[in-house]
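What follows is a single structure, written as structure tokens, with notes after it.
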Amino acid sequence: MTRSTRTQDPLHGLGPQARRTFLRQFAALGAGVVPSALPLATLLAASTQVSAQTAGGYKALVCVFLAGGNDACNTVLDTRTAPWAAYQSVRNQAPDSLALLAAGTPADTSTGASVLARLGGVRPLAIAGAGLALHPSLAQLAHIHDTRRRLAVVANVGPLIRPTTKAQYASATHARPPKLFSHNDQQNWWQALSPEGARSGWGGRIADALMGGNSQAMFTAVSVSGSSIWLAGEQARQYQLSNNGAIRIGGSGTTLFGSAQAKTAMARVMTGTRADGSRRVSSLLALDHADVVRRSIDAEATLSAALQAAGTAPWGTPAGGTATYSADADPLLRWTHPLTGNVATNGLARQLQMVARCVQAAPALGITRQVFFVTLGGFDTHDGQNRRHAELMAQLDHGLNYFDNVLAAMGQSANVTTFTASDFGRAFTSNGDGTDHGWGAHHLVMGGSVRAGLHGQWPVLGVKNTANNDFDSSPDQLRNGALLPSSSVDQMGATLAGWMGVGASDLATIFPNLANFDTGVRNLGFMA
């Protein structure tokens, strides 16, 4: 058994484009100079310079994963006459209509009013000719679009191997993603562009391409929601945080059993070192494990020193007097239930607070590129959808509005782009009081570098032909009304990666299906 040999290749971790740039620069030194003949420190410094040159400035991507499969048909709606009529016809089904009310309908808060009546009408977006509106609970996001101009709608995105028509979908010879409509597999396809079992995700592969410009590469791919395949790279390893900050091995205190010396001694045991710094263990497996523990301890100390306190404006509301800051009591992090008026702490906002604090710490850590992952769960709305979806939309609305406000106060709006993703969209048809698994879905992208408005191809909505149990009046809907995606996850991801500074050669590696789409549509155009 041998230890890792990665350091033998000083170009390891650079994408194809960066490798070529690196080699061109060394070619300028003269025909007799080759990278393998130069000192490793020189090579590593130069490779970092190459990555930094291809990146430039600070940029971050934030994936907000809506776990369970968000009902996009009730998130973004087409209120023009024909599609609105089809929507009302299909979703206004007994025993509990899922059809949201028309724009301008006032909320009815009287006792006994239905969920839909208490929500009021959908919220129109100022997009000329599109007729689009958002769920009634998304008032702040409508404002971010119409007034701040920092929100885009990307229509009908989903996993695709290549462009697919309805006729091609029915053909056994046309390639399509396997195990459609399966939670695990479609979560993995959205995050990794392959079914369950993938080893890397496209967020992690973006990190692979760009982390050479980061002095502290360990903080390139950061999750505030546990392990995520989206953040796993070939070289990049995701760094997991809690809502409160870096996770400290051995607890959050500075002592063990009341003794600082005991804690120091335990750290030496865990890292396999003696008091003089020499190695205590000799087996390769034990050495590697000790190295991992030591890196974790060092990373926690480094990040914790760079993070400003959560209870500091603009991330939180400073505690008054001698009070101790409590995120659970912070009014900035609390959302209001759209049906009951109850106020509670928003877990999504807490995750995004941590992301914002990391963005603030990036310069001190020498970070130029980062990718973040957060989640909001509960979207598998097979039943009770009206109430549950209204709650989730309100949490999404509050969380993203909080994040947009904080980034603006930090002067980072143009440098951070946040986007939604989900297992899949849901069926257009109702199952009585909920929706079943679908395919394509509309997604939201937020940030100061976003081109507000509608991007991608909006689907044609039809009504069900009861004679053959199909939506044959629509080229974009399958038998249960599920949307056949018109844009792929590869295209949406490549548009975001291109904004981050990933070159064309690396895009082809990160997004393996991108080559199957015409060059003119590989970038969906929602990023400036």
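Annotation: amide H of residue 382 within the under-5 Å range of 435, sequence separation 5 or more or interchain, hydrogens built in the peptide plane. Cβ-Cβ distance of residue 449 and residue 278, R₀ of 60 Å, FRET efficiency by 1/(1 + (r/R0)^6): the value works out to about 0.75.
Enumerate the amide H contacts of residue 451 below 5 Å, restricted to partners 5 or more residues apart or on another chain; note that Pro and chain-start residues carry no placed amide H. For residue 451, whose amide H was placed from the backbone, the distant partners under 5 Å are 527, 528.
Each residue of the range 414-419 was assigned a 3J(HN,Hα) from its phi angle through the Karplus curve 6.51 cos²θ - 1.76 cosθ + 1.60 (θ = phi - 60°); the sequence is 6, 9, 10, 10, 10, 9 Hz, with glycine and proline shown as x.
Take the Cβ atoms of residue 479 and residue 304, set R0 to 60 Å, and the FRET efficiency comes out at 0.65. Taking 0.36 nm per residue of separation and subtracting the current Cα-Cα distance, fully stretching the chain between residue 414 and residue 319 would add 31.2 nm.
Here the extension length gained between residue 242 and residue 105 equals 45.2 nm, from 0.36 nm per residue of separation less the Cα-Cα distance. Across the range 202-209, computed HN-Hα scalar couplings (Karplus, 6.51 cos²θ - 1.76 cosθ + 1.60, θ = phi - 60°) run 6, x, x, 6, 4, 4, 3, 6 Hz from first to last residue, x flagging Gly and Pro.
Computed 3J(HN,Hα) for the range 65-81, one whole-Hz value per residue from the Karplus formula 6.51 cos²θ - 1.76 cosθ + 1.60 where θ = phi - 60°, is 8, 8, 6, x, x, 6, 7, 5, 5, 9, 9, 10, 10, 9, 9, 5, 3, glycine and proline marked x. With a Förster radius of 56 Å applied to the C-beta separation of residue 467 and residue 261, the computed FRET efficiency comes to 0.10. Counting other Cβ atoms within 10 Å as a rough exposure proxy, the listed residues 234, 300 run 234, 300 from fewest neighbours to most.
Dipole magnitude for the range 378-485: computed about the Cα centre from +1 point charges on Lys and Arg Cβ and -1 point charges on Asp and Glu Cβ, it is near 200 debye. In plain terms, the residue of 420, 312, 220, 164 with the fewest other Cβ atoms within 10 Å comes first and the most crowded comes last, giving 312, 164, 420, 220. From least to most packed, judged by other beta carbons within 10 angstrom and beginning with the fewest, 278, 223 follow the order 278, 223.
Using only the Cα atoms of the range 131-249, build the gyration tensor, take square roots of its eigenvalues as a ≥ b ≥ c, and label the shape rounded, prolate or oblate: rounded if a/c is under 1.5, else prolate if a/b is larger than b/c, else oblate. Because a/c hits 1.5 or more and a/b fails to exceed b/c, the range 131-249 counts as oblate.
Label sites at residue 127 and residue 113, each approximated as a point 7 angstrom past Cα along Cα to Cβ, lie 2.8 nm apart. Annotation: amide H of residue 463 within the under-5 Å range of 473, sequence separation 5 or more or interchain, hydrogens built in the peptide plane.
Taken together, the values in this text are just the output of simple stated rules run on the coordinates, not laboratory data. As the structure is a computational prediction, the values presented were derived from the model and not from experiment. Note that we place each Cβ from the backbone using ideal geometry, even for glycine, and neighbour counts take in every protein chain shown.
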